[in-house]
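Student: My structure is below; once you've seen it, I'll send some questions.
Nothing in this text is a laboratory measurement; each read-out follows from the coordinates by a stated rule. These numbers come from a predicted model, not from an experiment.
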Amino acid sequence: MILSLTTITSEAEYRNFSCQFSDLETAFDLLNAIVSEGDQLIEAELLDRDERTLLPIEAFDGESCIMPIKQLEKQWEQILSKPVTSR
């Protein structure tokens, strides 16, 4: 997947660039790292295969999201590993 983004630096310079990622968590963490450094996200878009997804830039507050996502993933795996019983 490719992450394409536009930012404004703390020196008021516009920057456009793209990065390739294998997972969403790392792409999201990059966006949060950019915000934590004082730059402003203007636009962020994911291109995965032939699908484009415009990301809600207000969701990126500068805090890492890898640990919360990993915790959710672990919880879902635990839930899904339990056998289903019919009543």
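Student: Of (i) 6.7; (ii) 6.0; (iii) 7.6, which one was derived for mean projected area of the Cα convex hull in nm² from the structure shown?
Tutor: Step by step, mean projected area of the Cα convex hull in nm² for this structure corresponds to label (iii).
Student: Then there is this: Between Leu55, Leu30, Leu72, where does the largest GNM mean-square fluctuation fall for the chain, given springs only between Cα atoms within less than 10 Å?
Tutor: Among Leu55, Leu30, Leu72, the largest mean-square fluctuation in the Gaussian network model of the chain belongs to Leu72.
Student: Run through the DSSP bridge list for segment 2-46 and note the antiparallel percent, rounded to the nearest 5.
Tutor: Percent antiparallel among DSSP bridges in segment 2-46 is about 100.
Student: Working from Cα positions, state the angle (0 to 90°, nearest 10) between the long axis of helix 24-36 and the longest principal axis of the chain.
Tutor: 40 degrees
Student: Let me ask something additional. Helix 66-81 sits at what angle to the longest principal axis of the chain, using alpha carbons and giving 0 to 90 degrees rounded to 10?
Tutor: Roughly 20 degrees, rounded to the nearest 10.
Student: Which percent, to the nearest 5, of DSSP beta bridges fully inside segment 1-86 are antiparallel?
Tutor: 100 percent
Student: Name the most mobile residue of Glu13, Glu63, Glu43, meaning the one with the largest mean-square fluctuation, in a Gaussian network model of the chain with Cα contacts below 10 Å.
Tutor: Maximum among the listed residues: Glu13.
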